[in-house]
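Colleague: Structure provided below as structure tokens; questions to follow.
The values are calculated or read from the model by the stated rules, or taken from the named source; none is laboratory data. All figures in this text were calculated on a predicted structure; none of them were measured in a lab. Note: ideal-geometry Cβ built from the backbone for every residue, glycine included; neighbour counts use all protein chains shown.
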Amino acid sequence: MVFRSSAETAEHVSRCLELAILLEVSAYPKPGNVHRTADFPETRYEHFLASAVAVAPHFKQAAERGIEVSEGKIGPANVGIGTIIKDAVKSMGLWQRDGNTLLGSIILLSPLAVGAGMTLAKERFSLSRLRENVRLIVESSTPVDAVDVYDAILVAKPRGLGKAPKLDVTDPTSKQKILEDQVTLFEVFKIASEYDSIASEWINNYPITFDLGYPYFVQQLEETEDINKATVHTFLKILSEVPDTFIARKVGLAKAKEISAEARQALEKGGLTTRSGRSYLLEFDKKLRDPAHELSPGTTADITEAVLAISILSGYRP
């Protein structure tokens, strides 16, 4: 695809990421999560739809910053990735009543938006160049970016945040320490990567997204010729191999591993392609719908959105 202007390029990136969010939340039945046939009492399918619309302009801004980097107008450290994340979180809260729906997604997708802008400004899209550009952006993050992301987390008030051993986001002195000690956002996520898969994706150049999720999604599209089946199966594949850290923080790693084993069994039964697999999935979905949402694989959903994002950027259309 050839774009006539930077504005068209940035708009294209934004629409790709918005579509990724919409497709992921629409896929059903994703065990334990909101989807088009299941809500939580306080968080509904339409809250995610509204959030996707709300954050799209911020992905466009991120892509515009990426284009500016590629043109030499600003340096990678001047992208303001933290501000982009914080502003997107604020917009998310203005467009629906539930509060936090997409914090993890915003943190994962914002560097992808910048990297995609950088890539498309110079050449045809390629995953290898996207990863190189994303690495540059996250490694160039600043202490101010870290403070902005702390602000974003405090605005979103995510469930199951837990306590960090160092520079805890709920500690009022953490932001001051970050600025005094010049701790970058990349370094903050390095600390968090031991117990959070989203932070781990950031510092390790998105291995779950690119190396596990994306090839499997492409394979599932070829085999099933069905976007819903491919998305649900990719969600299950990621969950089966990477225990969900949202669940682990709330109820412990042992329980998270148990749920991963059940996701693996769902795939072994054929997932949505067999009667027994579909029946198992529906029961698995019900089982994970505890009132406190302690068993909801939210981190897995966020990473599945990133997989869909790079697939759509690569040319996939439903």
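Colleague: Kindly indicate whether residue 62 is in a helix (DSSP H, G or I), in contact with an Asp or Glu (Cβ under 9 Å, 6 or more places away or on another chain) and of a type in the set (Gly, Ala, Ser).
Modeller: no
Colleague: Pick from the range 1-29 the residues that are modelled with pLDDT of 95 or more and part of a loop (DSSP other than H, G, I, E, B): which of them is surrounded by the fewest Cβ atoms within 10 Å (Cβ to Cβ)?
Modeller: So, considering only residues that are modelled with pLDDT of 95 or more and part of a loop (DSSP other than H, G, I, E, B), the one surrounded by the fewest Cβ atoms within 10 Å (Cβ to Cβ) is 28.
Colleague: Could you list, in sequence order, the residues of the range 270-318 that are among the charged types (D, E, K, R) and in contact with a helix residue (DSSP H, G or I) (Cβ under 6 Å, 6 or more places away or on another chain)?
Modeller: Those that are among the charged types (D, E, K, R) and in contact with a helix residue (DSSP H, G or I) (Cβ under 6 Å, 6 or more places away or on another chain): 278, 294, 302, 305.
Colleague: Something else: Can you find a residue in the range 65-79 that is assigned by TED's automatic domain parsing to the domain that holds residue 206, under 19 Å from residue 15 (Cα atoms), buried (at least 17 other Cβ atoms within 10 Å of the Cβ) and within 17 Å of the chain's Cα centre (by Cα)?
Modeller: No, that holds for no residue.
Colleague: Mind checking which pairs have a first residue in the range 188-208 that is under 20 Å from residue 297 (Cβ atoms) and a second that is surrounded by fewer than 22 Cβ atoms within 10 Å (Cβ to Cβ) and acidic (Asp, Glu), Cβ under 9 Å, 6 or more apart or different chains?
Modeller: These pairs meet every condition: 200/194; 208/241.
Colleague: If you don't mind, there's one more thing I want to ask. Among the residues of the range 122-158, count how many are β-branched (Val, Ile, Thr) and not in a helix (DSSP H, G or I).
Modeller: 1
Colleague: So, residue 177, is that one surrounded by 16 or more Cβ atoms within 10 Å (Cβ to Cβ) and outside any loop (DSSP other than H, G, I, E, B) or not?
Modeller: no
Colleague: Name the residues in the range 180-203 that are surrounded by 16 or more Cβ atoms within 10 Å (Cβ to Cβ) and outside any helix (DSSP H, G or I), would you?
Modeller: 183, 184, 193, 196
Colleague: Oh, and also: Which condition from (1) in contact with a helix residue (DSSP H, G or I) (Cβ under 7 Å, 6 or more places away or on another chain); (2) farther than 26 Å from residue 286 by Cβ is the one that residue 68 breaks?
Modeller: Evaluating residue 68 over (1) in contact with a helix residue (DSSP H, G or I) (Cβ under 7 Å, 6 or more places away or on another chain); (2) farther than 26 Å from residue 286 by Cβ leaves (1) as the failure.
Colleague: Out of all the residues in the range 205-227, is one or more within 14 Å of residue 141 (Cβ to Cβ) and in the same structural domain as residue 168 (by TED's automatic domain parsing)?
Modeller: yes
Colleague: Based on this model, can you work out whether residue 244 counts as crowded, with 20+ Cβ neighbours inside 10 Å and within 21 Å of residue 52 (Cβ to Cβ)?
Modeller: No: the conditions fail for residue 244.
Colleague: Identify, from the list 286, 255, 269, the residue that is of a type in the set (D, E, K, R), surrounded by fewer than 19 Cβ atoms within 10 Å (Cβ to Cβ) and within 17 Å of residue 27 (Cα to Cα).
Modeller: After ruling out the rest, the residue left standing is 286.
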